[in-house]
Amino acid sequence: MTEQRDYSLLRHNTFGIEARCRRFIEYASVEEAQEVARRLKDLSEPLLLIGGGSNLLLTADFQGTVVHSAIKGHKVETLADGSVLLRVGSGEVWDDVVALCVARGWHGAENLSLIPGEVGASAVQNIGAYGAEAASIIYKVEAVSLEDGRVCEFTAADCQYGYRQSRFKHEWKNRFLITHVTYCLTETYRPLLDYGNIRAELERRGISEPTAEQVREVIIGIRREKLPDPEVEGNAGSFFMNPVVGREQFEHLLADYPQMPHYFVDVTHEKIPAGWLIDQCGWKGRTLGRAGVHDRQALVLVNRGGAKGEDIVRLSDAIRRDVKKRFDIDIYPEVNVI
């Protein structure tokens, strides 16, 4: 376990914003997580649990303790029905796990390729892309209670996953240190191709019956073309969640905007891409101070160089006002604003 004071969080946030915390603690085992729980038992200052920082916007120095998992490694168990349980340390890089699954012929994670961040965050955020969500493959989550150091296990049902939501983001916030996540994969491949332009890109490549490897390659290519590299231009990927609207409002909007993209949620709700709404308001490629909107994907806010967290927030607020004014739809940040 490591503990440092007055610690820079620059390398712990993909927006590339300089901010410091009063204390930084990193644990690399269940036992170390239990030791962290003991040290924090009577903590009176603020607490922030982070992963890879790819879903984090720091607006000031953090006047408290930041905790990060460095637990690595994985274990595999094959069940009688042929499915595979993959238990992974919460500090592993998420896309490394997807690459492992695809290489071994374990299916279910391939559409989540190249999503930045770490394994622990997948269980908190319920990461998702291209028609898939982490919740669909999460089998269980292991964590240490900060209240008493107990080792706890939660099923996916216990976590009450929703669209970019879980109990870890709400009533369980700052109550558990996640140590491992177990995913249930299948050796039977059932490709999900109808979200975004996956199928169109496969057809362009002349692929009619794609393998998981080919789907992963296509998704990586699409993401790299649409999304900026945080090493070049700081960002946190998709900044806003896609809004879900009622059927009546959706039908009124569709009458005014027949080309509006949308995705069925249930008989009374439809999901509308936030990026499309933002683009319609003319924000794609625009800059406000040192913060801007990516020129190829309006859902992504970027650090043009030297931006502070408050610059990103000011841009976000301006975009939200315009979307509300034009479409009467509220959009909300997906990132954790601190």
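The values are calculated or read from the model by the stated rules, or taken from the named source; none is laboratory data. Not measured: the values here are computed from a predicted model. Glycine also receives a Cβ, built like all others from the backbone with ideal geometry; neighbour counts cover every protein chain displayed. Side chains included, ligands, DNA and RNA excluded: accessible areas come from the protein's heavy atoms. Shrake-Rupley method; radii C 1.70, N 1.55, O 1.52, S 1.80 Å.
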Problem - Selection within segment 154-195 - among the polar types (S, T, N, Q) and either closer than 22 Å to residue 107 by Cα or in contact with a Pro (Cβ under 6 Å, 6 or more places away or on another chain) (or both) - result: 155, 182, 186, 188
Handout entry: Selection status of residue 210, touching a Leu at 6+ places or on another chain (Cβ under 6 Å) and crowded, with 17+ Cβ neighbours inside 10 Å
Key = yes
Practice task
Give segment 235-282 a look and list any residue that's of a type in the set (Phe, Trp, Tyr), under 21 Å from residue 164 (Cα atoms) and in a helix (DSSP H, G or I), or say none.
Solution key: 276
Practice task
Those residues that are surrounded by 22 or more Cβ atoms within 10 Å (Cβ to Cβ), aliphatic (A, V, I, L, M) and outside any helix (DSSP H, G or I), I need them from segment 109-126; list them, please.
Solution key: 109, 115
Handout entry: Complete set of residues in segment 238-254 that are open to solvent by 40 Å² or more (accessible area, probe 1.4 Å), touching a residue at least 12 places away in the same chain (Cβ under 8 Å) and either charged (D, E, K, R) or under 23 Å from residue 300 (Cα atoms) (or both)
Key = 238, 244, 247
Problem - Hey, residue 229 closer than 27 Å to residue 315 by Cα, of a type outside the set (Lys, Arg) and assigned to a helix (DSSP H, G or I) or not - result: no
Practice task
Return a yes/no flag: does segment 295-305 have any residue that is in contact with a strand residue (DSSP E or B) (Cβ under 7 Å, 6 or more places away or on another chain), assigned to a strand (DSSP E or B) and open to solvent by 10 Å² or more (accessible area, probe 1.4 Å).
Solution key: yes
Problem - Filtered residues of segment 149-169 (kept if part of a loop (DSSP other than H, G, I, E, B) and either at pLDDT below 95 or of a type in the set (Gly, Ala, Ser) (or both)) - result: 149, 163, 164, 166
Problem - Qualifying residue in segment 158-168 (condition: under 19 Å from the mean Cα position of the chain (by Cα), open to solvent by less than 50 Å² (accessible area, probe 1.4 Å) and closer than 27 Å to residue 82 by Cβ) - result: yes
Exercise for the section: Confirm whether residue 93 is of a type outside the set (S, T, N, Q), in contact (Cβ under 8 Å) with a residue 40 or more places away in the chain, open to solvent by 20 Å² or more (accessible area, probe 1.4 Å) and over 22 Å from residue 165 (Cβ atoms). Expected result: yes
Exercise for the section: Kindly list the number of the only condition in (1) at pLDDT 95 or above; (2) in contact with a His (Cβ under 8 Å, 6 or more places away or on another chain) that fails for residue 298. Expected result: (2)
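With respect to residue 234, determine if the residue is within 30 Å of residue 291 (Cβ to Cβ), open to solvent by 20 Å² or more (accessible area, probe 1.4 Å) and either at pLDDT 95 or above or among the small types (Gly, Ala, Ser) (or both). Show your work before the answer.
On the way: within 30 Å of residue 291 (Cβ to Cβ): yes; open to solvent by 20 Å² or more (accessible area, probe 1.4 Å): no; either at pLDDT 95 or above or among the small types (Gly, Ala, Ser) (or both): yes.
So residue 234 does not fit the description; no.
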Handout entry: Residue that is modelled with the lowest pLDDT [pool: residues in segment 308-334 that are open to solvent by 10 Å² or more (accessible area, probe 1.4 Å) and assigned to a loop (DSSP other than H, G, I, E, B)]
Key = 334
Fill in the blank from the handout: Every listed condition ((1) of a type in the set (D, E, K, R); (2) loosely packed, with under 14 Cβ neighbours inside 10 Å; (3) under 22 Å from residue 128 (Cα atoms); (4) without any contact (Cβ under 8 Å) to a residue 60 or more places away in the chain) holds for residue 224 save (4)
Practice task
Could you tell me whether segment 19-27 includes any residue that is surrounded by 19 or more Cβ atoms within 10 Å (Cβ to Cβ) and of a type in the set (Gly, Ala, Ser)?
Solution key: yes
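Return the only residue of 85, 49 being at pLDDT 95 or above, among the hydrophobic types (A, V, I, L, M, F, W, C) and either closer than 19 Å to residue 308 by Cβ or over 19 Å from the mean Cα position of the chain (by Cα) (or both). Even if it seems obvious, please write down each step before you answer.
Values: 49 fails: either closer than 19 Å to residue 308 by Cβ or over 19 Å from the mean Cα position of the chain (by Cα) (or both).
The conditions single out 85.
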Exercise for the section: State which residue is farthest from residue 73 (Cα to Cα) when the search covers only segment 169-199 and only residues that are buried (at least 17 other Cβ atoms within 10 Å of the Cβ) and under 16 Å from the mean Cα position of the chain (by Cα). Expected result: 178
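Residue-by-condition table, conditions (1) in contact with a helix residue (DSSP H, G or I) (Cβ under 6 Å, 6 or more places away or on another chain); (2) farther than 30 Å from residue 310 by Cα; (3) exposed (fewer than 15 other Cβ atoms within 10 Å of the Cβ):
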position: 56; (1), (2), (3): no, no, no
position: 65; (1), (2), (3): no, no, no
position: 80; (1), (2), (3): no, yes, yes
position: 145; (1), (2), (3): no, yes, no
